[in-house]
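Engineer: Quick one: structure below, then a few questions.
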Amino acid sequence: MAKATKPIPPPAPDAPLPERPPAQVSVVPLAYRIARKEIGVKETAGSEDNPRVLEYHRSTRLPESAVQDETAWCSSFVNWCMKQAGQARTMSASALSWLRWGVALDEPVLGCVVVFSRHVAGAPDGVHGHVGFYVGTKGDDIIVLGGNQHNEVCEKPYPKKRLLAYRGAA
C-alpha cells in the first residue's frame, strides 16, 4: 500500500529564487543536437577538402591559409555547433581554449563540453588537446561526440585519465 504524502506548498510570491548549483547550468543541448546531425561528415582523401570541414574552421579565427580539412578541426567543429545554436564560443581552433569557456562542472551532463589532453611527440610543449560533447561513460572511458575523431564526426571513447574538464554554458 502506498504511503500518503503531504503536498508541498508553493513558495511565497516574493521568495527569492534558489541559486542553481553548477551541475544544473545550461549545457547547450541545441548545440549537441546539431552536432548529432553532423555524424558521418569526414575529411576528403587526397588534395581536395570537404567544404563542410572548411565551414567548421571558418567559425574560428583560424587564418584562411590554414583552412583545410587536414588541419586539426575538433575545436572548429564545437565552435561551429555553438554558432549554429546561437551560443557563446571560443572562436579558437585550439581545443584547450574550451578550458576557459563557460563554467566548470563537477559532474558531466549529456551534451556538455568535455576537454582532454592529447600528448603529441615532437610538439613544443608535448601537450595539445581534444574537445567534443559528452555522450556518456563506459568503464574507464568517456564517450565523446566530436569532430576530427578518426578524421570524421563520430562518437569515440577517450580514457578518463586524459580528462581535463567538463564545461557548461554560463
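Throughout, read-outs are computed from the coordinates displayed, never taken from laboratory work. Since this is a predicted model, take the numbers as computed values, not measurements. A quick note on method: Cβ atoms are made from the backbone with ideal geometry, for glycine too, and the neighbour counts reach across all protein chains shown.
Engineer: Counting other beta carbons within 10 Å of each residue's own, what order do K42, K138 fall into, fewest first?
Structural biologist: Final ranking by Cβ density, sparse to dense: K138, K42.
Engineer: In addition: Which order do W101, W73, W80 fall in if you start with the one that has the fewest other Cβ atoms within 10 Å?
Structural biologist: Placing the least packed residue first, the sequence is W101, W80, W73.
Engineer: To make sure I understand, if each residue's beta carbon is the centre and we count other beta carbons within 10 Å, what order do S97, S47 fall in, fewest to most?
Structural biologist: So the ranking, lowest neighbour count to highest, is S47, S97.
Engineer: Suppose each label sits 7 Å from its Cα in the direction of the beta carbon; what would the S65-K138 distance come out to in nanometres?
Structural biologist: 4.2
Engineer: For R100 and K161, calculate 0.36 nm times their separation in residues minus their Cα-Cα distance, and state this gained length in nm to one decimal.
Structural biologist: Extending this stretch completely gives an extra 20.0 nm.
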